[in-house]
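Below is one structure; the comments refer to it alone.
The values are calculated or read from the model by the stated rules, or taken from the named source; none is laboratory data. Just so we're clear, the structure is a prediction, and the values are computed from it rather than from any experiment. Cβ placement follows ideal geometry from the backbone for every residue including glycine, while neighbour counts extend to all protein chains displayed.
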Amino acid sequence: MGGGGGDGDLTPISIPSSPSCSSEVLPPEFAEYVAVPPASDGEESDECCAYDHAEEDALHFGRQLQDHLRQAKEFIRRYKPGDCIEGAGGAKAGDYILPEITTLLLVGPRGAGKSTLVNRITRVFDKDDDPFAPDRAQVSGNSKSNGTAFVREYPVPRHSTAICIYDTQSLSNNPQRNFKTLQKWMAKGICHGEIVTGRDTEEGNKTKGIKPLGNQFSLLHCKTRKVNFVIFVVDGVSILEAIESNRRDYIEVLHETFKHPFLSIGDMNVIMTNITADDKPVVVVTHGDRLSILQRAHVQNELADVLGIPVQQIFDIPGADDYQTDLAILDMLRYSIQHAEQNLPIKLNYLLEVHWRETFKNAAERLMALDAIIEATIIFLCIVILLLRFSDKLLQS
Ligand SMILES: Nc1nc2c(ncn2[C@@H]2O[C@H](COP(=O)(O)OP(=O)(O)OP(=O)(O)O)[C@@H](O)[C@H]2O)c(=O)[nH]1
Ligand SMILES: [Mg+2]
């Protein structure tokens, strides 16, 4: 575990001094963004001026990054379910069925880095709260490892009552098996400690005899939580290998699973009719810093193309324990929470209220229209009566 890097323990230190003698200070992790001019031989030149400006710009940029990181972390720390509701169609946060805790589900193939991601996410906050806290999720050590066996709930940050992330077992190579599992989680909810049966035979054998956490302690009844949004985790290195060796099968399984309607969050009635709902999962590409920047961009573009989503929906999470990783994680969490809240169901009584309001409005409009007709008819009849009287008088005279 590395040392602090979050905003809470950012003790500003002076960056290397320069001829411009800027007194600005930035935490060490932002220092690489500060252009330090090469040693000057004392000549006053335009070049020196340009370096001064470059340094000022770099400091400004460093400060912006630092602010962004602080705000992004604060957003997650202060978040409560319902905070991101935009109130479309005049509805207020209170008109939605808010989850007790916003639940994000991690899914992805074997070794995609789901458990590693849980630890990285936790680390972002541990830097301020408890820098020496141990990792939470058990990562798979090597290819012989079974990987995660139980579905596990991780509040984020630790002990949060507002956000939790579920680490799950790896997806199978068989899309049909994945569909069954995903459908269960998305339709019925997910429960800490549950074990998924019906994975690939080899894996199934390995997990045979393992009891779900909840069953080991009969008194422990874990809550079943409705999934509010899905984070689809993939390993960038495997994707790149599959692209380069033209192994379409790996990409195909990802594509098939990703486009499964149950993974999208939206109106369940729409999903039931097999029309894909609006909000597809956010995609996280992990790579443990084993890919170059170009390779990462290549993987991102390829995934956007195959999965049919914009690149902005794909978050590349670096492996290093630095502010870039923290920013990527915080941005991804914010994206997930905002999309989770865009799709929260509306309360039935609000729907009924809107329905009745609309019905009354329509009825009133019809009455108004009828009123106008009645008025016109009365006026017409009055005119006819007047004309009749007038013609009667004419005839009499
Ligand atoms: N894919 C990936 N693996 C990483 C990364 N960093 C480290 N690893 C190593 O890759 C292995 C797999 O990581 P896990 O996080 O256990 O993968 P998982 O998706 O939880 O795997 P399952 O539990 O089998 O589904 C571990 O040995 C990690 O230490 C990363 O950024 N991406
Ligand atoms: Mg795992």
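From the list Thr286, Thr224, Thr273, which residue is at pLDDT below 85 and either polar (S, T, N, Q) or within 16 Å of Met332 (Cβ to Cβ) (or both)? The conditions single out Thr273.
For every residue, the table says whether it meets (1) modelled with pLDDT of 65 or more; (2) part of a helix (DSSP H, G or I); (3) under 26 Å from the mean Cα position of the chain (by Cα); (4) at positive phi.
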site	(1), (2), (3), (4)
Pro19	no, no, no, no
Ser22	no, no, no, no
Ser40	no, no, no, no
Cys48	yes, yes, no, no
Gln71	yes, yes, yes, no
Pro81	yes, no, yes, no
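Checked against (1) within 23 Å of Val156 (Cα to Cα); (2) at pLDDT below 90, Lys347 meets all criteria but (1).
Quick one: is Ala112 within 12 Å of ligand 1 (Cβ to nearest atom), in contact (Cβ under 8 Å) with a residue 60 or more places away in the chain, crowded, with 21+ Cβ neighbours inside 10 Å and farther than 20 Å from Leu327 by Cβ? Spelling it out, Ala112 is indeed within 12 Å of ligand 1 (Cβ to nearest atom), in contact (Cβ under 8 Å) with a residue 60 or more places away in the chain, crowded, with 21+ Cβ neighbours inside 10 Å and farther than 20 Å from Leu327 by Cβ. One residue stands out in the stretch 278-321 among those that are among the acidic types (Asp, Glu) and surrounded by fewer than 15 Cβ atoms within 10 Å (Cβ to Cβ): the one that is nearest to ligand 2 (Cβ to nearest atom), namely Asp289. Answer yes or no as to whether Val299 is farther than 30 Å from Phe75 by Cα, touching a helix residue (DSSP H, G or I) at 6+ places or on another chain (Cβ under 8 Å), among the β-branched types (Val, Ile, Thr) and touching a residue at least 24 places away in the same chain (Cβ under 8 Å). In short, no.
When restricted to residues that are surrounded by 19 or more Cβ atoms within 10 Å (Cβ to Cβ) and near ligand 1 (Cβ under 8 Å from one of its atoms), the stretch 121-142 contains 1.
Close Cβ contacts (under 6 Å, 6 or more residues apart or on different chains) running from residues in the stretch 121-149 that are over 19 Å from Gly319 (Cα atoms) to residues that are at pLDDT 95 or above comprise Thr148/Ser115; Thr148/Asp167.
Exactly one of these conditions fails for Thr122: (1) within 21 Å of Val227 (Cα to Cα); (2) assigned to a loop (DSSP other than H, G, I, E, B); (3) at pLDDT 90 or above. Give me its number. Going through (1) within 21 Å of Val227 (Cα to Cα); (2) assigned to a loop (DSSP other than H, G, I, E, B); (3) at pLDDT 90 or above one by one, Thr122 breaks only (2).
Look at (1) part of a helix (DSSP H, G or I); (2) surrounded by fewer than 20 Cβ atoms within 10 Å (Cβ to Cβ); (3) within 16 Å of ligand 1 (Cβ to nearest atom) and you find that Trp185 fails only one, number (2). For the stretch 307-328, the set of residues classified as in contact with a helix residue (DSSP H, G or I) (Cβ under 6 Å, 6 or more places away or on another chain), within 18 Å of Lys114 (Cβ to Cβ) and outside any helix (DSSP H, G or I) consists of Ile314, Phe315, Asp316, Ile317, Pro318, listed by residue number. Which ones in the stretch 151-180 are within 10 Å of ligand 1 (Cβ to nearest atom) and not in a loop (DSSP other than H, G, I, E, B)? The answer is Asp167, and nothing else.
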